[in-house]
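Quick notes on the structure that follows.
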Amino acid sequence: MNKLILAGVVTASKIIGFQFLMVALVSLLVLGMQNQNAALSSFVGGSCGILPNIVLAMFLFSSAGATQLKTTMSRFYRGCSIKLILTSIVLAIILKSQLFLVGFVFFGFAIALVAHVLAPIFIH
């Protein structure tokens, strides 16, 4: 595997791991303060924010690497489009099922998004 791709995979894994850790910790906190359904809703919402990032990372780092900027940017834009569509579909399925508490689903989703933004600060 190319060194540059390996570095990207390691960084993506750390960011996704940090997101999962934050969502899991917040869900445990919600379990202690609320109930099991609220904690599960929070975890499912957070997972909805993490899953598309996993798909994007797999999409971006699946090939041997692009040497041209145009090819790299094309893969990035295509991957971001897939991520956006996947997020919309998964969130729609979760909300349509009516099995989860909507407020806690969005709370978990927001935690995953904030963790994604803050991950570079906490991961060196």
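Just to be sure I understand the filter: pairs with C-beta atoms under 7 Å, separated by 6 or more residues or on different chains, first member in segment 92-109 and on the phi < 0 side of the Ramachandran plot, second member assigned to a loop (DSSP other than H, G, I, E, B) and surrounded by 19 or more Cβ atoms within 10 Å (Cβ to Cβ). Which pairs pass? Qualifying pairs under 7 Å: 94/100.
Give the residues of segment 66-115 that are among the small types (Gly, Ala, Ser) and either exposed (fewer than 14 other Cβ atoms within 10 Å of the Cβ) or in contact with a Lys or Arg (Cβ under 9 Å, 6 or more places away or on another chain) (or both), sorted by residue number. Working first, answer last.
First pass over segment 66-115, keeping only residues among the small types (Gly, Ala, Ser): 66, 74, 79, 81, 88, 92, 97, 103, 108, 110, 112, 115.
Passing the criteria: 66, 74, 81, 88, 92, 97, 103.
Restricting 102, 55 to residues that are closer than 25 Å to residue 5 by Cα, aliphatic (A, V, I, L, M) and at pLDDT below 95 narrows the list to 55.
The residues listed here are 17, 45; of these, the one that is within 20 Å of the chain's Cα centre (by Cα) and either closer than 22 Å to residue 123 by Cα or modelled with pLDDT under 90 (or both) is 17. For segment 27-49, the condition holds for at least one residue, the condition being that it is in contact with a helix residue (DSSP H, G or I) (Cβ under 7 Å, 6 or more places away or on another chain), β-branched (Val, Ile, Thr) and either in a helix (DSSP H, G or I) or free of Cβ contacts under 8 Å to residues at least 24 places away in the same chain (or both).
The values are calculated or read from the model by the stated rules, or taken from the named source; none is laboratory data. Since we're looking at a predicted model, the values are computed, not measured. Backbone-built Cβ (ideal geometry, glycine too); neighbour counts: all protein chains shown.
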